[in-house]
Amino acid sequence: MGRSVKFSLAGGFTKEEANRIYEEALDILEQIGIECHHEKIMERLSGIKGLMVEKGRVRVKKEFADGLVKDFKKKQLEKNRKKTEAAASAATGDPKPAKFSLGAPYSCFYWLDYNTDKPRKANTQDLRNALKLLDSLDARGNTAPIVPSDVPPELQRVAMFKASAENSRNIGNHAKGVTSVEEAEIICEMGEASGRPAPYFHLQFFISPLKYDDALLDIGWKFLEKGKKDMAAVWGGPMPCAGATAPLFMPAVFVQGIAESIASEILTSQVFGGEFTPAVTTGLFDMKYGSYLFNSSEFLLLKVASSNLSRELFGYGSSGAVTTNSSAVDAQSAAERAMRVLMSALNGDTGFGSTGMISQDMIFSPEQVIIDREIVDWVQRVTEGLELDEKKGRTLEVLKEVGPGGNFLAHDSTVENVRKFFWQPNLFDRMPVGQWFEQGTMLRDRASKMAEERIKAHSFELDASKRAKLDAIYKKAEKVLMPK
């Protein structure tokens with residue numbers, strides 16, 4: 001066999017357009033800067049050549065920001081080259097695309113009950129089941145998938161970290177939304193006791209437009225002063241939302257997103273010792289319902305364009321996601337998720353987060369998890385392309401063998417290729433109508449059964465001695481974090 005013929009999205013920004021957007025982002029950093037009122041951080045930043053620190057504002061010289069970006073891109077391109085060479089040397093013919101991965105959802109507040117088809121407030125057992133299901137599919141994710149409503153708010157993040165460590169291998173490593181140093185310290189104690197690698201919580205400290213969150217930075221700063229900076233993932237995570245926290249004209253949201261990302265990464269790397277990893281971050285505001293908008297036509301364009309820009313400017317693309325604004329496991333959810341995954345994959349993305357999450361990030365559905373895995377696998381087969389048989393004249397040869405009016409069902413070429421050519425779905429049903437009348441079932445019924453089976457068969461369990469330590473730390477948290 002020979003080369004695989006593969007397909008991708010065409011179009012996108014020209015090099016000149018991308019550079020214009022980038023230059024304007026640097027202008028924003030130099031002329032407007034970022035608002036910050038944390039005295040100690042401002043003092044630290046004032047000692048960095050290339051930054052202009054004034055009262056309540058940090059501006060960045062263009063040459064300084066550009067130098068950081070160019071250094072990052074050079075390293076990233078070298079990393080890409082080595083990865084491509086390694087894949088090529090390990091494969092015969094064209095290297096296959098990397099296995100598409102799943103990412104866990106953000107912290108959902110509701111569980112979609114399959115029996116009633118209604119969302120209800122999620123509880124601790126739902127959290128455990130979600131973790132088991134996602135872990136059985138090798139999903140990864142920094143945050144726990146569910147917020148348990150049967151736990152007091154003061155203890156929810158601790159309980160989520162504990163359940164993640166007890167029921168999964170690579171989910172919930174970073175607690176999201178910590179509000180105090182005391183809470184963060186307890187979570188770090190749990191992280192060390194569980195044997196998981198640091199960091200144990202993350203601080204998403206950027207507020208669009210152009211502002212650092214002083215309160216969250218203060219938590220990170222106190223850990224820095226204690227010599228525990230590695231325990232915290234101090235990550236800007238700007239989310240400029242076109243129409244609300246960013247302008248609703250193009251290319252303004254890209255300009256702002258790049259500027260905010262560079263500003264975030266400067267703080268992360270120069271103050272907290274993290275890696276400088278710029279990105280292109282964009283979002284979209286729904287003017288009709290006053291909420292964040294997932295997977296509309298316009299949102300898809302923003303996300304594909306963001307990944308396109310990121311590759312041009314920084315040497316790597318963004319990851320995709322399986323998301324929807326639909327509050328049900330329905331045709332809208334399926335259409336929006338499939339389109340997002342397909343467009344992202346054809347644009348080069350291979351990781352897809354938000355698995356099982358519907359209604360923006362509010363509801364978790366175990367059936368949706370199974371459907372998402374199927375959508376991602378289906379799309380991956382599309383990206384693998386068509387493998388060519390480069391033996392000249394082979395088509396003529398096999399047609400002579402079969403002859404006019406024959407068939408190829410038992411021909412050697414069919415037997416040789418049938419398993420390699422076809423992707424066989426685990427969930428989707430291709431039965432003809434007659435068979436389906438006799439044996440067919442509804443997709444959601446099959447997905448629900450698969451989810452239940454995976455949860456029951458899940459075998460990971462944290463070591464008993466580590467579980468005992470986590471139980472003791474949780475009791476400590478009850479005393480420290482609960483109101484007196």
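The values are calculated or read from the model by the stated rules, or taken from the named source; none is laboratory data. From a predicted model like this one, the values you see are computed outputs, not experimental measurements. Counting neighbours? That spans all protein chains shown, and the Cβs are built from the backbone with ideal geometry, glycine included.
This table checks each residue for (1) under 14 Å from the mean Cα position of the chain (by Cα); (2) at pLDDT 95 or above; (3) part of a helix (DSSP H, G or I).
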position: Ser327; (1), (2), (3): no, yes, no
position: Ser333; (1), (2), (3): no, yes, yes
position: Glu336; (1), (2), (3): no, yes, yes
position: Val341; (1), (2), (3): yes, yes, yes
position: Asp349; (1), (2), (3): yes, no, no
position: Gln368; (1), (2), (3): no, yes, yes
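Restricting to region 427-449, and then to whatever is among the polar types (S, T, N, Q) and either assigned to a helix (DSSP H, G or I) or touching a Phe, Trp or Tyr at 6+ places or on another chain (Cβ under 8 Å) (or both), can you tell me which residue is surrounded by the most Cβ atoms within 10 Å (Cβ to Cβ)? Steps first, answer last, please.
Here is the first cut: in region 427-449, the ones among the polar types (S, T, N, Q) are 435, 439, 441, 448.
This time we only want the ones that are either assigned to a helix (DSSP H, G or I) or touching a Phe, Trp or Tyr at 6+ places or on another chain (Cβ under 8 Å) (or both), so: 435, 439, 448.
Details: Gln435: 11, Gln439: 9, Ser448: 18.
The qualifying residue surrounded by the most Cβ atoms within 10 Å (Cβ to Cβ) is Ser448.
Considering (1) at pLDDT 95 or above; (2) more than 17 Å from the chain's Cα centre (by Cα); (3) surrounded by fewer than 19 Cβ atoms within 10 Å (Cβ to Cβ), say which one Ser168 fails and leave the rest.
(3)
Identify all residues within region 203-230 that are at pLDDT 95 or above and among the polar types (S, T, N, Q); write none if there are none.
The one that is at pLDDT 95 or above and among the polar types (S, T, N, Q): Ser208.
Please work out which residue is surrounded by the fewest Cβ atoms within 10 Å (Cβ to Cβ), limiting yourself to region 219-269 and to residues that are in a strand (DSSP E or B) and in contact with a Pro (Cβ under 7 Å, 6 or more places away or on another chain).
Ala233
Examine region 69-83 for a residue that is more than 30 Å from Lys132 (Cα to Cα), aromatic (Phe, Trp, Tyr) and buried (at least 19 other Cβ atoms within 10 Å of the Cβ), and state whether such a residue exists. Break it down into steps so the answer makes sense when it comes.
So the first thing to find is which residues in region 69-83 are more than 30 Å from Lys132 (Cα to Cα), and the list is 69-83.
If we keep only those that are aromatic (Phe, Trp, Tyr) as well, we get 72.
Going one step further and asking which of them are buried (at least 19 other Cβ atoms within 10 Å of the Cβ), we end up with 72.
Checked against the condition, which is being more than 30 Å from Lys132 (Cα to Cα), aromatic (Phe, Trp, Tyr) and buried (at least 19 other Cβ atoms within 10 Å of the Cβ), region 69-83 yields at least one hit.
Across region 453-465, which residue is nearest to Gln156 (Cα to Cα) among those that are under 29 Å from the mean Cα position of the chain (by Cα) and in a helix (DSSP H, G or I)? It would help to see each step written out before you state the result.
Within region 453-465, the subset under 29 Å from the mean Cα position of the chain (by Cα) is 453-463.
Subsequent filtering for residues that are in a helix (DSSP H, G or I) retains 453-457.
On the way: Glu453: 28, Arg454: 26, Ile455: 23, Lys456: 25, Ala457: 27 Å.
In this case the residue turns out to be Ile455.
Would you kindly identify the helices (runs of 4 or more DSSP H) lying entirely within region 1-91 that contain at least 2 residues that are touching a residue at least 12 places away in the same chain (Cβ under 8 Å) and within 24 Å of Ser344 (Cα to Cα)?
Working: elements: 15-31, 39-46, 62-90.
In region 1-91, the matching helices (runs of 4 or more DSSP H) lie at 15-31, 62-90.
Any idea which residue in region 176-202 is nearest to Phe109 (Cα to Cα), counting only those that are modelled with pLDDT under 95 and not in a loop (DSSP other than H, G, I, E, B)?
So the residue we want is Lys176.
Specify which of the listed residues (Ser306, Ser291) is surrounded by fewer than 17 Cβ atoms within 10 Å (Cβ to Cβ) and under 22 Å from Thr143 (Cβ atoms).
On the way: Ser306 fails: surrounded by fewer than 17 Cβ atoms within 10 Å (Cβ to Cβ).
Ser291 is the lone residue from the list that is surrounded by fewer than 17 Cβ atoms within 10 Å (Cβ to Cβ) and under 22 Å from Thr143 (Cβ atoms).
For residues that are in contact with a strand residue (DSSP E or B) (Cβ under 6 Å, 6 or more places away or on another chain) and surrounded by 16 or more Cβ atoms within 10 Å (Cβ to Cβ), tally how many sit in region 5-29. If you could, list the steps in order and put the result at the bottom.
Restricting attention to region 5-29, the residues satisfying the condition of being in contact with a strand residue (DSSP E or B) (Cβ under 6 Å, 6 or more places away or on another chain) are 5, 29.
From what's left, surrounded by 16 or more Cβ atoms within 10 Å (Cβ to Cβ): 29.
Looking only at that region, the number is 1.
Could you tell me which residue of region 458-478 is surrounded by the most Cβ atoms within 10 Å (Cβ to Cβ), considering only residues that are farther than 20 Å from Ile171 by Cα and in contact (Cβ under 8 Å) with a residue 12 or more places away in the chain?
Ala477
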